[in-house]
2 protein chains.
Amino acid sequence: MNPTAAILVIGDEILSGRTKDKNIGWLAEKLTDMGIQLIEARVIADVEDVIISHVKALSESVDYVFTSGGIGPTHDDITTKSIAAAFDVAVERNPEAMRRLVEHYRDTDIDFNEARQKMADIPVGATLIDNPVSAAPGFILHNVHVMAGVPSILQSMFDGFSHILSGGVRPTRITVQCATGEGNIATIMGDIGSEEGISVGSYPWFKPGQFGTAVVLTGLDAQKTGEAAKRLMQLVHKAGFEAAIEA
Amino acid sequence: MNPTAAILVIGDEILSGRTKDKNIGWLAEKLTDMGIQLIEARVIADVEDVIISHVKALSESVDYVFTSGGIGPTHDDITTKSIAAAFDVAVERNPEAMRRLVEHYRDTDIDFNEARQKMADIPVGATLIDNPVSAAPGFILHNVHVMAGVPSILQSMFDGFSHILSGGVRPTRITVQCATGEGNIATIMGDIGSEEGISVGSYPWFKPGQFGTAVVLTGLDAQKTGEAAKRLMQLVHKAGFEAAIEA
């Protein structure tokens, strides 16, 4: 069994539609490549009780939780407070985080004021996550990895600590290109998809004068997945349509 | 109080990162414009028990649930079955849905086979949602609106039935452009954001040689929101930075 994960996007600006989330898709791809199975992603509001209850629920149900958003020098510093509260620990001004921020702001004419110093407030017992972009660290508390919402910062944070995550078997993914609509091969896909350990996705495509379906087989066992792809191709041939395994 | 909503994206292909979700952002904007408050969005797997439990939980906690994905002629017809099961009703071959599909396929050389006929399977008592793109209807069961995952189809479906939703007060949204970093005005934003009925978001921006923060005030009371924006602008001026309300 591969380790499991959940993503928690914290942000009123996503729920209002003002900002479009890009972190779910980026993290989903990364996790899949590492053999970590993303079970669920949620987008929730910047509200303390809401954050606490979702963090608790997800932290108990998966191996890794990744949060995005709600940390930074703005007014809504409730994310850090809420995640600490979910695990019943206090928030303290972290000396190492302070050191990094002081250094970051030293040679600028930006005032390292109280609002910015609050970015050094970290739950007691948490591990800092490096922020190569803007210094203010994220943190890891139990199995919850708290990152900034800005995609470039989140990506640099994740890439910085991802080597400590226990990955699993990277799934084998084979695409069978079929020169027909998905409705003509639905039964075949259903049969192959009902085999243990094989999941089947179908992605119809259209271009001028042509259409087809990319059938994607995914499985943790490379040999089994390869055999299932061949079987699917043969069944599509038998049904009278062209099909080929994509190199 | 404005009506509330939740989005449930059903799709293994989103969780694997193969497909990037575009429906949450699009629906979020539409709902906000209609005065319907989006409380939460979730992305979940194509698994019957998972779908049933999330549909039940969200259907009880908000006024409107919108689902995306999991309907169509493919093997994974478990969405319809699961949503019916969540409300303890059976699935039947819907005569009106059949009529639409027969008509859609009549003048094509596509075989209207059993897999495609399954797209007419609809929970008993549900209302059909028109699909101007590819005929196969979505449906509304209780407060759950079940739509296709392909963005163009989802959008045409939503635009077709959205007039029947009870909207609320469309929030007033005012942007105050401030010529300074968000860390310099965090306290001011915090003060204004703690006023009842006013929420404050801040969006730092950078371009060569310049930076600033767009502060967005949102509230259901237009006059109150306008006054809060003026107050914020004056406080930013007082702190020594340029600020202006965006037209």
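Below are the figures for this structure:
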read-out: Selected residue (only one of B:Pro151, B:Pro137 is of a type outside the set (Gly, Ala, Ser), in contact with a Leu (Cβ under 9 Å, 6 or more places away or on another chain), within 26 Å of A:Ile185 (Cβ to Cβ) and in contact (Cβ under 8 Å) with a residue 40 or more places away in the chain); value: B:Pro137
read-out: Residue within segment B:106-113 that is at the interface with chain A (Cβ under 10 Å from one of its Cβ atoms), over 24 Å from the mean Cα position of the chain (by Cα), over 19 Å from B:Ile10 (Cβ atoms) and part of a helix (DSSP H, G or I) present; value: no
read-out: Of all residues making up segment B:167-186, the number that are assigned to a loop (DSSP other than H, G, I, E, B) and over 27 Å from the mean Cα position of the chain (by Cα); value: 4
read-out: Set B:Gly17, B:Gly35: member being assigned to a loop (DSSP other than H, G, I, E, B) and away from chain A (no Cβ under 11 Å); value: B:Gly35
read-out: Tally, over segment A:165-214, of residues that are open to solvent by 10 Å² or more (accessible area, probe 1.4 Å), among the β-branched types (Val, Ile, Thr), more than 9 Å from chain B (Cβ to nearest Cβ) and closer than 21 Å to A:Gly240 by Cβ; value: 1
read-out: Out of A:Ala41, A:Ala28, A:Ala57, sole residue that is at the interface with chain B (Cβ under 8 Å from one of its Cβ atoms), assigned to a helix (DSSP H, G or I), open to solvent by less than 50 Å² (accessible area, probe 1.4 Å) and modelled with pLDDT of 95 or more; value: A:Ala28
read-out: Residue check, B:Met189 within 30 Å of A:Ser152 (Cα to Cα), over 30 Å from the mean Cα position of the chain (by Cα) and in a helix (DSSP H, G or I); value: no
read-out: Positions within segment B:1-30 being under 30 Å from B:Gly219 (Cβ atoms) and touching a strand residue (DSSP E or B) at 6+ places or on another chain (Cβ under 6 Å), in sequence order; value: B:Asn2, B:Thr4, B:Ala5, B:Ala6, B:Ile7, B:Leu8, B:Val9, B:Asp21, B:Asn23, B:Ile24, B:Leu27, B:Ala28
read-out: Residue match in segment A:75-82 (condition: touching a Pro at 6+ places or on another chain (Cβ under 9 Å) and touching a residue at least 12 places away in the same chain (Cβ under 8 Å)); value: yes
read-out: Residue within segment A:130-152 that is modelled with pLDDT under 90, of a type in the set (Ser, Thr, Tyr) and in contact with a Lys or Arg (Cβ under 9 Å, 6 or more places away or on another chain) present; value: no
read-out: Which listed residue, of B:Glu103, B:Glu96, B:Glu92, is among the charged types (D, E, K, R), more than 14 Å from chain A (Cβ to nearest Cβ) and not in a helix (DSSP H, G or I); value: B:Glu92
read-out: Single match in A:Ala90, A:Ala84 (criterion: assigned by TED's automatic domain parsing to the domain that holds A:Lys20, open to solvent by 40 Å² or more (accessible area, probe 1.4 Å) and not acidic (Asp, Glu)); value: A:Ala90
read-out: Leading residue by the ranking (nearest to B:Val102 (Cα to Cα)) among those in segment B:120-163 that are open to solvent by less than 10 Å² (accessible area, probe 1.4 Å) and in a helix (DSSP H, G or I); value: B:Ala120
read-out: Pair list, Cβ < 9 Å and 6+ apart or interchain, from segment A:105-123 residues that are touching a residue at least 12 places away in the same chain (Cβ under 8 Å) to residues that are in a helix (DSSP H, G or I) and open to solvent by 80 Å² or more (accessible area, probe 1.4 Å); value: A:Ala115/B:Thr187; A:Ala120/A:Pro95; A:Ala120/A:Arg99; A:Asp121/A:Lys81; A:Pro123/A:Lys81
read-out: Check on B:Val215, under 23 Å from A:Lys118 (Cβ atoms), in contact (Cβ under 8 Å) with a residue 60 or more places away in the chain and in a strand (DSSP E or B); value: no
read-out: Some residue of segment B:196-206 being within 22 Å of B:Met34 (Cα to Cα), free of Cβ contacts under 8 Å to residues at least 60 places away in the same chain and not assigned by TED's automatic domain parsing to the domain that holds B:Lys224; value: no
read-out: So B:Ala115, is it at negative phi and in contact with a Pro (Cβ under 6 Å, 6 or more places away or on another chain); value: yes
read-out: Qualifying positions in segment B:1-17 - modelled with pLDDT under 95 and surrounded by fewer than 19 Cβ atoms within 10 Å (Cβ to Cβ); value: B:Met1, B:Asn2, B:Gly17
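The values are calculated or read from the model by the stated rules, or taken from the named source; none is laboratory data. These numbers were taken from a predicted model, which means no experiment stands behind them. Cβ: placed from backbone, ideal geometry, glycine included. Neighbour counts: every protein chain shown. For accessibility, only protein heavy atoms count, side chains too; no ligands or nucleic acids. Shrake-Rupley method; radii C 1.70, N 1.55, O 1.52, S 1.80 Å.
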